[in-house]
Amino acid sequence: MKLFSMATKDLTRRKGKTLYVLIAVAIPVAILSTIVLTLDNADSFLTNLASKFGFTLMVQPKNIQPASLDQIGVILNEYIPVSVIADVEGIIKQNISGKNPAVLITPRIYQKADIRYRTKRLEAVVAGIDFKKELEARSSWNLDSGTWPAAYDETVLGGTYAKEKSLIVGEKIMVNNREFKIVGLLRPTNAAEDYMVFLPFSVAQKLFDREGLMSVVNVQSSSLDRDKKLLTSVTDQLNNSIPNIKALSPQQFSTMKYILLKKTFRFLLSIAIATIAVSIFSIFNIVTNLLYSRVKEIGMLKSVGASRTQLLIIFLYEYVIVGISGGIIGYLIGLISSYLLDAFFLKIGAAISAKPQFLLIALLVGVFCSLVASFYPTYKLSSIKITETFRTQWEV
């Protein structure tokens, strides 16, 4: 404890020189923190963006006939049993064991139906969906007006369909002789959903006498998004294990984004490693000069009985403190730099959070740089003899 107290007093007594070492440690930590935090920000942004392009996997009936495809691209009059959901979930979770276990499965049922609105007779594709799961999976889904359904007799319309047919929130429509209140209009996304009428999944099954059946089931899994080979393997297993279904990936955006992030991270990490190497040499030179100026002090400590081990411990305590302090400062600089980089250049807009694991990495890098750079000169000078401390020149 006395050795630690001596180390802290030495640091406070040499504020100016300690500051040089602190800056040399903080710079590589700040660069690394900026890179890691910015990439984490980009990852969050792209994860949200991926939902606009569909799900990880889509499971639909096998051997679909061309006549079953509606003009907006959905499958009509061909179904798979709802029991398939348990089989799909089981195979996926078996493959992602040990990774992120979250799997979101959202069934849909499609049916073309006549819609009555006042005196008008219209036609639309009715989609029975689980609103709660769909909203969890599709963060891009927003309403232009109204609210999401809170009751079984409420419906949401695709914004483009509602505009073309002059349908508004608050009006009522008849679907298969059952009345539904329009409570919301979906914001257009240039997708098939723009032309649909949405009902609760179980309601649509009963309304069209399709209990126990569904048209398609969408799957979202971040573990599969991140691993293209695993996604391909799971898709093959689903197709080979479950009869009369076809599993496919409707888009590869989510997979490609992780490949891009990995390549970008490797490139930027090489820059950070090079910066750390240069900083270690800089710290080495600063520490060498600092220790050279303390040669006489080392001689005095030895003359009063300080051993080589005690001297090593004192100096290493000093540079561990400097490393931790430099790590904290560098991390804070990196946090601010990431925010400014996003605000003025990248403009991604995802929130940058101070995650504990990134702070731990910053502290470890700070301590590593400080100890690696200071160990050799400290080890060398701690071995000098008392008589040698009176020399006018000293080489480490």
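The values are calculated or read from the model by the stated rules, or taken from the named source; none is laboratory data. Since the structure is predicted, the reported quantities are computational estimates derived from the model, not experimental observations. As a convention, Cβ positions derive from the backbone with ideal geometry for all residues, glycine included, and neighbour counts pool all protein chains shown. What goes into the accessible areas is simple: the full protein's heavy atoms, side chains included, and nothing from ligands, DNA or RNA. Shrake-Rupley method; radii C 1.70, N 1.55, O 1.52, S 1.80 Å.
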Dipole in debye (nearest 20) - segment 166-305, about Cα centre, beta carbon charges: Lys, Arg +1; Asp, Glu -1
680 debye
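Once fully extended, how much extra length lies between Ser307 and Asn244, figured as 0.36 nm per residue of separation less the alpha-carbon to alpha-carbon distance? Intermediate results must be reported in sequence, preceding the final value.
Details: separation 63, 0.36 × 63 = 22.68 nm, distance 7.94 nm.
Full-extension gain reported as 14.7 nm.
Within 15 Å, Cβ to Cβ, of Glu78, how many net charges do the neighbouring residues add up to if Lys/Arg are +1 and Asp/Glu are -1? If you can, show how the numbers build up before the last one.
Details: positive: Lys62, Arg108, Lys112, Arg210, Lys246; negative: Asp70.
Surrounding charge for Glu78 is +4.
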Could you list which residues have their amide H under 5 Å from that of Asp144, counting only those 5 or more apart in sequence or on another chain, with H placed in the peptide plane?
Leu185, Leu186, Arg187
Placing each pseudo-label 7 Å from Cα in the direction of the beta carbon, Met174 and Leu69 end up separated by a distance in nanometres of 3.5 nm
What are the ³J(HN,Hα) values, in whole Hz, obtained from phi via the Karplus relation 6.51 cos²θ - 1.76 cosθ + 1.60 with θ = phi - 60°, for each residue of segment 327-332 in sequence order, with x given for Gly and Pro?
x, 5, 4, x, 5, 5
Per-peptide average of other Cβ atoms within 10 Å, ordering 57-64, 327-334 highest first
327-334, 57-64
3J(HN,Hα) from dihedral phi, segment 154-169, Karplus parametrisation 6.51/-1.76/1.60, rounded to Hz, x for glycine, proline
10, 9, 10, 10, x, x, 5, 4, 4, 5, 5, 9, 6, 9, 10, 5
A 1.4 Å probe over the protein heavy atoms gives segment 186-239 a carbon and sulfur accessible-area percentage of 46 percent
So what does log10 I(q)/I(0) come out to for segment 154-250 at q = 0.15, 0.21 Å⁻¹, using the Debye formula with one equal point on every Cα and no solvent?
-0.80, -1.04
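Which of the three applies to segment 161-213, rounded, prolate or oblate, going by the alpha-carbon gyration tensor with a ≥ b ≥ c and a/c under 1.5 meaning rounded? List each step's numbers first, then the result.
Working: a/c = 2.49, a/b = 1.44, b/c = 1.73.
Taking the square roots of the gyration eigenvalues as a ≥ b ≥ c, segment 161-213 is oblate.
Below 8 Å, C-alpha to C-alpha, sequence gap of six or more: please give me the relative contact order for segment 55-206 in percent.
24 percent
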Within the set Lys132/Lys172; Lys17/Lys302; Lys296/Lys380; Lys120/Lys206; Lys93/Lys228, which residue pairs have Cα atoms separated by over 18 Å?
Lys132/Lys172; Lys17/Lys302; Lys120/Lys206
Ser233 versus Gln94: modelled label distance in nm, points set 7 Å from Cα along the beta carbon direction:
1.3 nm
